[in-house]
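Trainee: Let me begin by handing over the structure; questions about it come next.
Every number here is computed from the coordinates shown, using simple stated rules; none is lab data. Just so it is clear, the model here is predicted, and its values are computed rather than measured. Reconstructed Cβ throughout: ideal geometry from the backbone, glycine too, with neighbour counts over all protein chains shown.
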Amino acid sequence: MAETLPDCETRLLEAKIALHKLMTGATTVSVGYGDRQIQYRSSDIGNLRVYIRELEQECGDDEKVRRPFGIVW
């Protein structure tokens with residue numbers, strides 16, 4: 001039986017909610033899809049932020065992607 005994975009936006013929302021929970025005092029949170037679960041602790045906030053950035057790029061959320069700025073003389 002084929003496993004149905006949540007869409008990109010759902011995984012991104014779950015990751016952002018997990019980051020919010022860590023930032024507001026939770027000691028551990030779980031993020032995952034299908035039968036995979038990854039636990040993040042407050043010391044793993046940097047890794048969770050990287051995961052969120054990767055999902056934003058995968059989902060096409062260009063508003064969060066940093067771009068180089070131009071200087072006009």
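Trainee: Run the simple label-point estimate for ILE45 and LEU13 please: 7 Å along Cα→C-beta, distance reported in nm.
Mentor: Modelled inter-label distance: 2.5 nm.
Trainee: Follow-up. Could you calculate the contour length gain from THR28 to GLN57, that is, 0.36 nm times the residue separation minus the distance between their Cα atoms, to one decimal place in nm? If you can, show how the numbers build up before the last one.
Mentor: Details: separation 29, 0.36 × 29 = 10.44 nm, distance 2.51 nm.
Once the chain is fully extended between THR28 and GLN57, it gains 7.9 nm.
Trainee: Under a 5 Å amide H to amide H cut-off, with H placed in plane at 1.01 Å, what residues pair with GLY32 once short-range neighbours are removed?
Mentor: Long-range HN contacts for GLY32: ILE38.
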